[in-house]
Each structure stands twice: as structure tokens, then as C-alpha cells.
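Taking it in order: structure first as C-alpha cells, then the write-up.
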Amino acid sequence: MITFQDVTKTYEDGTTAVQSFNLEIKEGEFFVLIGPSGCGKTTTLKMINRLHNVTNGDILIDGKSISDHNIHELRWNIGYVLQQIALFPHMTIEENISIVPELKSWKKGDISKRVDELLDLVGLEPSTYKKRKPSELSGGQQQRVGVARALAANPPIILMDEPFSALDPISREQLQQDFLSLKKKIQKTIVFVTHDMNEALTLGDRICLMKDGEAVQVGTPEEFVNNP
Ligand code: ADP
Ligand code: ADP
């Protein structure tokens, strides 16, 4: 479903962040990119939704080059969750989540139902949290709202860049466990960046280990444990 064909990314200052990168991410797969800081994980992620351009090679989504996809459609179809989730501070949780479907001109009642469904999905009781402001939530709860917002328009692909790494160890562990059941329920293609091997082994269907912009090893968690 997402295919990297010999992708290289060189930034304007001459830094080559990703080099001759080949990879096939299957539909519905929870795919983890792992590696030390600076190895090119974020660059790889941001090329998928064209926040960065590919310098050489190509990325295909459903067999079609991302450069042939309409950029707005591409962004609608790809949810994005960052380490520091940027919720709008003056808006309620409900407003923060519904900003996505509202832009797609849903009916009010449908949006409200969708927000409840999404909050349930990420483990936040809708009646308790809907009307709160982001500052009235813990970091882990805000991160859950970020995930709900990324899921709101029901995009087939979700990109996640170290979504749990700013959290305390206990919230992090809890979110990892909740994600294990969430990923079965939502059945989406998820590309997940982390530098934590335990997190990769816990969550990933498959893992790609990167070093200096290249894919060093690709395999299932079992293959990583048996052949480190
Ligand atoms: P990671 O996500 O694995 O930490 P990045 O993709 O952020 O790695 O960075 C890969 C390499 O590209 C690093 O050497 C980084 O310094 C460099 N880099 C990242 N963004 C830019 C940029 N906008 N301009 C120039 N170099 C960059
Ligand atoms: P960088 O060297 O930082 O990766 P790029 O050349 O990849 O810069 O892209 C520059 C900026 O232009 C990026 O922020 C990207 O979001 C934007 N961009 C790239 N392609 C398009 C496009 N087709 N339509 C709108 N914006 C685009």
C-alpha cells in the first residue's frame, strides 16, 4: 500500500537524511521505523504526506506516485500525530476533535456522535471530557485526544512520530497497552516512529531498523528478538 522505491532525500544544505530506501508497507499493518536520533525516521515519515519532497526515487500509495495524488486529498487521507500534540488551547476537546470533520462539512449531530465514538475509542469518557479545555487534561489524555483527532476523518493511513515519548513512564506504558487493542479495532495502516526497541517490539507488526538514512533490517518482532 505504501511503497518506497529507491528513495533518497537530500536537504538544501547537502545533508542526505535518507538514502536508497526501499520498503513496502502493507495495508492494515502497524509498521515501526526505529533507529537512533538523526537516522532519518522523521524525514521518511514526512515524505509520505509530502511535508518534505523526495529528492530521488518515488513513493507510491496504492500504486500511484504521491506526486500524482492531489496534495489536499493526500493530507486528508493521512492522519498525523506528533510527539508534542498541538491542541488549540481555547477550544474544548470536542471542538478540537471536530475541527476535522467540520471542515469536511458534516452535519452537527453526526459530528457530535463521531466525537463520542472517537473519545470512547481512545479511552476517554465522552461526557467527562468533551467540554473540557486541553489544559484540564494530563499529557497522556491530551495525546489520546490527538489520536482521536487524527482518526476523525477516518483516514486509511496514520503517521505517528514518537507519540508517547514526552509522557511519563506510567502513562506511556498505559498508552502502549491501550494501543494494542486500538490497533485491532481501527484496522488502519499505521507508520510509527520510535527510538525505543521495547515499544517497537510491543506494538509493531513489522519493524524497520534505520541507520544513517538506510534500512538496515526489516522484519517481525519475533525476527528481531531471534536475530538481533
Ligand atoms: P530522526 O527522525 O531519525 O531523528 P531526521 O529525519 O529528523 O532523523 O534527520 C535525519 C538527518 O537529516 C539528520 O542528520 C538531521 O540533522 C537532518 N535534517 C533533518 N531535517 C533537516 C532540515 N530541514 N534541513 C537539513 N537537515 C535536516
Ligand atoms: P525541504 O527541503 O524542507 O524538505 P521541500 O523542498 O521538500 O523542502 O518542500 C518545501 C515545502 O513545500 C515543504 O514544507 C512542503 O510542505 C511544501 N510543498 C512541497 N510540495 C508541495 C505541493 N505540491 N504543494 C504545496 N506545498 C508543497
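The numbers here are math on the coordinates, done by the rules we state, and not lab data. These numbers come from a predicted model, not from an experiment. Positions of Cβ are backbone-derived with ideal geometry, glycine not excepted, and every protein chain shown enters the neighbour counts.
If I ask for residues that are assigned to a helix (DSSP H, G or I) and within 26 Å of residue 162 (Cβ to Cβ), which ones from the stretch 75-94 would you list?
75, 76, 93
Specify the residue that is surrounded by the most Cβ atoms within 10 Å (Cβ to Cβ); the eligible residues are those in the stretch 174-192 that are of a type in the set (Lys, Arg) and assigned to a helix (DSSP H, G or I).
The qualifying residue surrounded by the most Cβ atoms within 10 Å (Cβ to Cβ) is 183.
On the given criteria, is residue 136 charged (D, E, K, R) and either within 16 Å of ligand 2 (Cβ to nearest atom) or under 18 Å from residue 33 (Cβ atoms) (or both)?
For residue 136, the condition - charged (D, E, K, R) and either within 16 Å of ligand 2 (Cβ to nearest atom) or under 18 Å from residue 33 (Cβ atoms) (or both) - is not met.
The rows are residues; the columns are (1) touching a Gly at 6+ places or on another chain (Cβ under 6 Å); (2) touching a residue at least 60 places away in the same chain (Cβ under 8 Å); (3) within 16 Å of ligand 2 (Cβ to nearest atom); (4) over 23 Å from residue 135 (Cα atoms).
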position	(1), (2), (3), (4)
69	no, no, yes, yes
72	no, no, yes, yes
81	yes, yes, no, no
88	no, no, no, no
93	no, no, no, no
100	no, no, no, no
104	no, no, no, yes
107	no, no, no, yes
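May I ask you to list the residues in the stretch 49-59 that are surrounded by fewer than 17 Cβ atoms within 10 Å (Cβ to Cβ) and more than 12 Å from ligand 2 (Cβ to nearest atom)?
56, 58, listed by residue number.
Just to be sure I understand the filter: pairs with C-beta atoms under 8 Å, separated by 6 or more residues or on different chains, first member in the stretch 12-25 and touching a residue at least 60 places away in the same chain (Cβ under 8 Å) and within 15 Å of ligand 1 (Cβ to nearest atom), second member outside any strand (DSSP E or B) and hydroxyl-bearing (Ser, Thr, Tyr). Which pairs pass?
Note: pairs meeting the criteria are 17/11; 17/43; 18/43; 18/44; 21/44.
Only residues that are outside any helix (DSSP H, G or I) and surrounded by fewer than 21 Cβ atoms within 10 Å (Cβ to Cβ): list them for the stretch 32-48, please.
36, 37, 38
Give 96, 70, 77 a once-over and let me know the one that is in contact with a His (Cβ under 9 Å, 6 or more places away or on another chain) and either of a type outside the set (Lys, Arg) or under 20 Å from residue 126 (Cβ atoms) (or both).
Just a single option satisfies the conditions, and that option is 77.
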